[in-house]
Amino acid sequence: MRKKLTPYIILLLPFLSCASNSKETTVEEDVSQDIVIKNGQSMLWKVEGDNIETSYLFGTMHMINEEYYHFSDNLTKRIEDSDAIIMEVGGMPNPLKTFQLMSLDTGTVHSYFTKEQLVELLAFMDQELGISPQEFDQTYGAMKPFFLMQTISQNFFEPTAKSYDLTIMSIAGEKDIPLIGMETIEEQLGFFDEVPADKMAEMVLVSVRDYEKEAKSTEKLMELYSKEKVDKLMPLLNKQSPEIMEFADLFLFDRNRAWAPKIEIEMKDKSCFVAVGAGHLFGEDGLIDLLEKKGYTLTAISSE
């Protein structure tokens, strides 16, 4: 059974670190001067309710080509006006610590693959990415397979690619706004340790075999995100990677369920700007759904 994670990594995990931004939406101005997106096609949502400060929830794309990147003054103002910024991880992780977490305790990455799979992988790395077998062993030999997936997916993006997460972190630093992380880098990288070794290897091989297809799908993903086409963005993820649902609790739903009460606690005494991967916002057991079930009102508003 094939398991594909690459598109989900882009929208769910932040350590991977404008034209085409027109939005076909029906808008209506409300008394707070927020522009309501009546059809819900937005990455920015206002959170209101009893006993909390009005806050905002924003779905990011952790990495996106500059062509599709747009960070409006209106979005910037909402961040700057917040009392706290809540993100998946509270700031950039220590590079040395991250390297250690991505390194194997024993053995080499070769042990994850059969002889035939390794031949296929090494040929791809050499021919497609220009990484010779010798360079592969030097760079990836002692690394966990997820590092390979990251390397492959990085090639879907241009050198000038942007990150909404890094921009938000930068604003937090410049304006001295407290930055609260809901997870540690250890927890995030630990998710991949829970995937069985044979399935992790197959994920890498699928990324190799479907490289061109995934590159095109990632381009489409960026386009839909830039246009905030929620109704097409989420189905694309599900269509491209239906098998990921075997790990949906691990990578998505369990995390959402753990985050919702943390967000609720922070909103009790401060206006928060919550920024997480867009894949965490929508659908049943997405953060919008979970917060609504707690009795809060969530309204899609324009980020423009």
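The values are calculated or read from the model by the stated rules, or taken from the named source; none is laboratory data. Just so you know, these numbers come straight off a predicted model, no measurement behind them. Note that we place each Cβ from the backbone using ideal geometry, even for glycine, and neighbour counts take in every protein chain shown.
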Tally up the residues in the range 151-170 that are surrounded by 19 or more Cβ atoms within 10 Å (Cβ to Cβ) and in a helix (DSSP H, G or I), please. 6
Considering the range 73-101 alone, what residues qualify as being at pLDDT 90 or above, loosely packed, with under 13 Cβ neighbours inside 10 Å and in a loop (DSSP other than H, G, I, E, B)? Asp81
I'd like to check something: does the range 266-286 contain any residue that is among the basic types (Lys, Arg) and in contact with a strand residue (DSSP E or B) (Cβ under 6 Å, 6 or more places away or on another chain)? yes
Out of (1) touching a helix residue (DSSP H, G or I) at 6+ places or on another chain (Cβ under 7 Å); (2) at pLDDT 95 or above; (3) in a helix (DSSP H, G or I), what's the single condition that is false for Glu67? (1)
Would you confirm whether any residue within the range 207-216 is hydrophobic (A, V, I, L, M, F, W, C), outside any helix (DSSP H, G or I) and closer than 26 Å to Thr98 by Cα? no
Is there a residue being surrounded by fewer than 21 Cβ atoms within 10 Å (Cβ to Cβ), more than 18 Å from the chain's Cα centre (by Cα) and closer than 30 Å to Asp81 by Cα anywhere in the range 185-197? no
So if I check each of Ser22, Ser42, Ser17, Ser32, which one is modelled with pLDDT of 95 or more, small (Gly, Ala, Ser) and assigned to a loop (DSSP other than H, G, I, E, B)? Ser42
Over the range 289-303, the set of residues assigned to a loop (DSSP other than H, G, I, E, B) and surrounded by fewer than 17 Cβ atoms within 10 Å (Cβ to Cβ) is Lys294, Gly295
Based on what the data block shows, is Ser111 assigned to a helix (DSSP H, G or I), farther than 30 Å from Leu75 by Cα and either modelled with pLDDT of 95 or more or not basic (Lys, Arg) (or both)? yes
Filtering the range 219-240 down to residues that are out of contact with any helix residue (DSSP H, G or I) (no Cβ under 6 Å at 6 or more places or on another chain) and modelled with pLDDT under 90, which residue is farthest from Met102 (Cα to Cα)? Pro235
